[in-house]
Amino acid sequence: MFSPRFPMANTKASQKDIRRIRIRTERNRQVRSRLKTLARQVREARTGEDPEAKKAAARAFVAASDRAVKTGQIHANKAARHKRSVADLLA
């Protein structure tokens, strides 16, 4: 019986593919989690009083979004949409 958790590779190449997919999946998970954390920090900074904290949180979120787009982990339009909403929060 096939299980997605424990795939049965038939060739050495497919075994290597499985290893590579695990590494990529973990890296993608870390990046997406970091983006969510930074987005939460932007929302929290929005309710705060300090304008410098707002700018710093927004700058960090935008930079992380751009890196994620560059490595293909999120779509460019999604990043643009989120960056626009962050810019609206700061305005």
Practice prompt. Quickly run through the range 68-91 and pick out the residues that are assigned to a helix (DSSP H, G or I), free of Cβ contacts under 8 Å to residues at least 12 places away in the same chain and of a type outside the set (Val, Ile, Thr).
Written response: LYS70, ALA76, ASN77, LYS78, ALA80, ARG81, ARG84, SER85, ASP88
Item to complete: Kindly indicate whether any position in the range 44-53 is of a type in the set (Ser, Thr, Tyr) and at pLDDT 95 or above.
Response: no
Fill in: Lone qualifier among THR71, THR11 - being modelled with pLDDT under 95, among the hydroxyl-bearing types (Ser, Thr, Tyr) and surrounded by 10 or more Cβ atoms within 10 Å (Cβ to Cβ)
THR71
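The values are calculated or read from the model by the stated rules, or taken from the named source; none is laboratory data. These numbers come from a predicted model, not from an experiment. Neighbour counts are summed over all protein chains in view; Cβ atoms, including those assigned to glycine, are modelled from backbone coordinates with ideal geometry.
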